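Shown next, in structure tokens, is the structure this report addresses.
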Amino acid sequence: MLRNYIKIMLRNIINHKVYSLINIFGLALGLTCCLLIFLWVQDELSYDKFHTYSANLVRVEQDQVYSSRKYHVNVTPWPCVPAWADEIPEVEGATRYGWCGGGAFRNGEISFIENNVQAVDPDFFTIFDYRLIKGDRYTVMNDPYSVVIDEETALKYFGEENPIGQVLLVDNEHSLKVTGVLETAPQNSTIHPVILVTIEFSKVLGRYNDGWGNNSIISCLLLRDDADLTEVDRKLTEVVSNNRDEESATQYMAAPLTRVHLHSYFGFSNSGQAIVYVYIFSLIAGFVLLIACINFMNLATARSATRAREIGIRKIVGARRENLIYQFIGESILLSFLAVLVSLVFVLLLLPVFNIISGKLIEGSDLLQVDFLLGLVIITLITGIIAGSYPALFLSAFKPVKVLKGNLSHGRSQILRKVSVIIQFTLSIGLTIGTMVIYQQLNFMRSKDLGFEHEQVLSIGMRGDIKNSYAAFKQELLQIPEIIAVSASSHRPTNIGSNSSGADWDGKDPDYSLIVGMSSVDFDYVETMEIQMVAGRAFTPEFPSDVANDSVGAFMINEEFAKIINKDPIVNENLQFLGIEGPIVGVMRDFHFRPVRNEIEPLAVAIHPGRFNNMLVRLEQGDVSRSLDAIQNVWNRMLPNYPFEYRFLSEDFEMMYRVENNMGQLVKYFTVLAIIIACLGLFGLSSFSTEQRMKEIGIRKVLGASSSNLVLLLTSQFTKWVLISCVIAFPAAYFVLQRYLQNYAYRINLDVSIFLMAGTLALLVALITVSFQSIKAALANPVNSLKYE
């Protein structure tokens, strides 16, 4: 029986090559899109699942409360982990992962500035499965002066030599012995260890903070199998409350590590979670596959007359309806299988380009994973069943007497085709509108005034002795004609992530609490970054009291903070913040010190020379390479023991929008693919429809109808369907995209022009697709269609 079905299917493919090619190619394109998205979603959902104890691993997060508003934070105080491990029975293992500020690492003449240096506890390698190429995972972190490096770092400093037992000099002061070499962490890992030192060494570097109110490290716990997360959350909060001097409404919670990548968020709003993109692309995959399935159903029902006699004869010789349903669904599944084979070829060919666009490292071997193969089988069966369900039910219902007499009604199939084409173009128009909105939002963020000028600004890391030489180095740089200004800060202005509570001023409501961003900056900061002052003045050497000394200093704040303080005039108003008390000497124009998707928060800056981590150098427009050579010459003369390493702030700016840019590119290509698939189906349908009306067209031409009238007649019905699709797609897209844009604090308005452009584009594409067959039919000689056969 199966052999007979396959033979009939192959015969139908050979006898109707054009329609079969459209069917298989359309399904293959839809499946290609679906499989690529499936690979992407599979990768997104696989984060941190490679750890043996992944189901029991959690990251501790917290909700701080400021005037009844929750501020979500993904880091904790340094002393928490040892206390949680000692006092909570459900905790079987615990480790901290805290940034150590980086430093200048040296092996002989080989030296680099390393920024990805993290301090961890000895349990790090017992609860995580990061593979050690060399070293014993149970002892590598036992010595306070040990260091574990990844394979790339080992190659950089030691070449082909065995690094175990070798010594790395840090900041020309501290010696660390290499005790282990890490295999590069998988891409689907939330944590990417590169250089690991001990918590004890972080104390030597002065990075450790024993305060229970300072949140700056990632805390991970390994819980027992029977741990109740609700109870664990209560105990986490209780332990911290028992160790803090003051009362706090902060609540701590255990977030499963496998959910961190997709569900993590920061700040007052829980928007911006990566899971949104998983939903979006899963929806796109479903839409595109549905469009491809609709094509199949349309062409199958449109060609019903060509198989009517076959069905009638089968029924007369004893075939039951369920036999015919099984036959047509079986043919559909076999056709779907052929389309899957073609789509796999497309996936392999497109995978390198897809990886570049999406930022993934998916390999061809990933197609052999059990999850993917199982998903492939399921997708093939679902596609075959969905695509063949209506044709099977429709064709198997033909009455043999009516069929063999040639009395076959197409009413229901025509209604289905109209509805399905409307569904296709509704989905295509919706995807087109979504693509336009995503691109406009991305362009809006990229072109939005940041409040400072990031072009032509270098950021140079300041580590070790470099800080001590900063003042003299700055003066030397200012002698270079191509350098406009030089300053320094604790954070790069594109990412000021530190903040604190406790800001106080005269007249402040004692019940009002807020969180304020903070950064240490040098003189000439606003000049270097070209930040406008809206009140008062900038820090200047003419006022030595601007520099924070013990508990006295001065502040510059942003407009947002000034609005909250609400004093007129605000200049010289006394402010207490970060253990400093002093006047507000100036108000800076609001600038985006975090990604533009986030709302601008209050910010205060002060001068703490010992906290500078980045030197900022503004260059003149022109020959950048000559300016860099001049800076490097001064560097080599004054700081010969440190490598000259820098980055442009514009690189940070690009990184801000990398996710949106990648997602925008993917949505664009998948939307184009959806439109192509819809057009393929429309082309096949219009071709078949025109073929069925050839005699009508011939008669109309004989009676005097012009070619233009005939083209208009043949295209009008498809135009009407697209217009109905617009009426359905516009409000649905508006509702969905309004919710999507809520993820951004600063966003575009959904202008009516976006919807009109998408509708016009769909109409033009449909007309172009249909017009080819319509013009061909209108220009044909009526004699050929009217002659007796």
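The values are calculated or read from the model by the stated rules, or taken from the named source; none is laboratory data. As the structure is a computational prediction, the values presented were derived from the model and not from experiment. Glycine also receives a Cβ, built like all others from the backbone with ideal geometry; neighbour counts cover every protein chain displayed. Only protein heavy atoms, including side chains, enter the accessible area calculation; ligands, DNA and RNA are left aside. Shrake-Rupley method; radii C 1.70, N 1.55, O 1.52, S 1.80 Å.
Points worth noting:
- Single match in Asp623, Asp629, Asp590 (criterion: loosely packed, with under 14 Cβ neighbours inside 10 Å and modelled with pLDDT of 90 or more): Asp629
- Of all residues in the range 738-756, those satisfying the criterion of being surrounded by fewer than 16 Cβ atoms within 10 Å (Cβ to Cβ) and either free of Cβ contacts under 8 Å to residues at least 60 places away in the same chain or farther than 26 Å from Asn270 by Cα (or both) are Gln738, Arg739, Asn749, Asp751, Val752, Ser753, Leu756.
- Tabulated pairs, the range 335-347, first within 14 Å of Cys293 (Cβ to Cβ) and open to solvent by 50 Å² or more (accessible area, probe 1.4 Å), second modelled with pLDDT of 90 or more and part of a helix (DSSP H, G or I), C-beta under 6 angstrom, 6+ apart or interchain: none
- Restricting attention to the range 146-159, the residues being under 17 Å from Glu109 (Cβ atoms) and either open to solvent by 70 Å² or more (accessible area, probe 1.4 Å) or among the basic types (Lys, Arg) (or both) number 2.
- Among the residues of the range 188-239, those identified as touching an Asp or Glu at 6+ places or on another chain (Cβ under 6 Å) and open to solvent by 40 Å² or more (accessible area, probe 1.4 Å) are Thr190, Arg224.
- Qualifying residue in the range 764-779 (condition: open to solvent by less than 30 Å² (accessible area, probe 1.4 Å), at pLDDT 70 or above and under 32 Å from the mean Cα position of the chain (by Cα)): no
- Residue satisfying condition, being of a type outside the set (Asp, Glu) and closer than 19 Å to Ile113 by Cα, within set Val617, Val585: Val617
- Among the residues listed as Ile557, Ile584, Ile564, the single one being out of contact with any Ser or Thr (no Cβ under 9 Å at 6 or more places or on another chain) and open to solvent by 10 Å² or more (accessible area, probe 1.4 Å): Ile564
- Within the range 446-495, restricting attention to residues that are in contact with a strand residue (DSSP E or B) (Cβ under 6 Å, 6 or more places away or on another chain) and closer than 23 Å to Val659 by Cβ, the residue that is least open to solvent (accessible area, probe 1.4 Å) is Ser459.
- Check on Phe718, at pLDDT below 85, within 26 Å of Ile677 (Cβ to Cβ) and over 38 Å from the mean Cα position of the chain (by Cα): no
- Lone qualifier among Ile325, Ile329, Ile362 - being crowded, with 18+ Cβ neighbours inside 10 Å and assigned to a loop (DSSP other than H, G, I, E, B): Ile362
For every residue, the table says whether it meets (1) within 26 Å of Ser67 (Cβ to Cβ); (2) aromatic (Phe, Trp, Tyr); (3) assigned to a helix (DSSP H, G or I).
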{"position": "Asp511", "(1), (2), (3)": "yes, no, no"}
{"position": "Leu514", "(1), (2), (3)": "yes, no, no"}
{"position": "Phe523", "(1), (2), (3)": "no, yes, no"}
{"position": "Ile531", "(1), (2), (3)": "no, no, no"}
{"position": "Ala535", "(1), (2), (3)": "yes, no, no"}
{"position": "Phe539", "(1), (2), (3)": "no, yes, no"}
{"position": "Glu542", "(1), (2), (3)": "no, no, no"}
{"position": "Ile557", "(1), (2), (3)": "yes, no, no"}
{"position": "Ala562", "(1), (2), (3)": "yes, no, yes"}
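- Scoring Asn574 on the criteria (1) over 40 Å from the mean Cα position of the chain (by Cα); (2) closer than 19 Å to Gly502 by Cα; (3) buried (at least 19 other Cβ atoms within 10 Å of the Cβ) leaves a single failure, condition (3).
- Test: residue in the range 645-667 that is over 20 Å from Phe444 (Cα atoms), assigned to a loop (DSSP other than H, G, I, E, B), open to solvent by 10 Å² or more (accessible area, probe 1.4 Å) and touching a residue at least 24 places away in the same chain (Cβ under 8 Å): yes
- Residue check for Val18: open to solvent by 30 Å² or more (accessible area, probe 1.4 Å) and either more than 23 Å from Val91 (Cα to Cα) or modelled with pLDDT of 90 or more (or both): yes
- Test: residue in the range 175-182 that is out of contact with any Cys (no Cβ under 8 Å at 6 or more places or on another chain), buried (at least 16 other Cβ atoms within 10 Å of the Cβ), under 22 Å from Ile217 (Cα atoms) and among the small types (Gly, Ala, Ser): no
- Taken over the range 452-499, the criterion of being assigned to a loop (DSSP other than H, G, I, E, B) and within 18 Å of Met655 (Cα to Cα) is satisfied by Phe452, Glu453, His454, Glu455, Gln456, His491, Arg492, Pro493, Thr494, Asn495, Ile496, Gly497.
- Index of the failed condition, Trp84 passing every other in (1) surrounded by 18 or more Cβ atoms within 10 Å (Cβ to Cβ); (2) in contact with a Pro (Cβ under 8 Å, 6 or more places away or on another chain): (2)
- Total residues in the range 189-230, condition farther than 30 Å from Asn172 by Cα, part of a helix (DSSP H, G or I) and of a type outside the set (A, V, I, L, M): 1
Per-residue answers, yes or no, for (1) part of a helix (DSSP H, G or I); (2) buried (at least 19 other Cβ atoms within 10 Å of the Cβ); (3) in contact with a Ser or Thr (Cβ under 9 Å, 6 or more places away or on another chain); (4) modelled with pLDDT under 95:
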{"residue": "Val60", "(1), (2), (3), (4)": "no, yes, yes, no"}
{"residue": "Asp63", "(1), (2), (3), (4)": "no, no, yes, yes"}
{"residue": "Lys70", "(1), (2), (3), (4)": "no, no, no, yes"}
{"residue": "Trp78", "(1), (2), (3), (4)": "no, yes, yes, yes"}
{"residue": "Thr95", "(1), (2), (3), (4)": "no, yes, yes, no"}
{"residue": "Phe105", "(1), (2), (3), (4)": "no, yes, yes, yes"}
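- Ser282 fulfils the conditions (1) over 28 Å from Thr383 (Cα atoms); (2) surrounded by fewer than 17 Cβ atoms within 10 Å (Cβ to Cβ) except for a single criterion, (1).
- Some residue of the range 181-193 being within 18 Å of Ala104 (Cα to Cα) and within 35 Å of the chain's Cα centre (by Cα): yes
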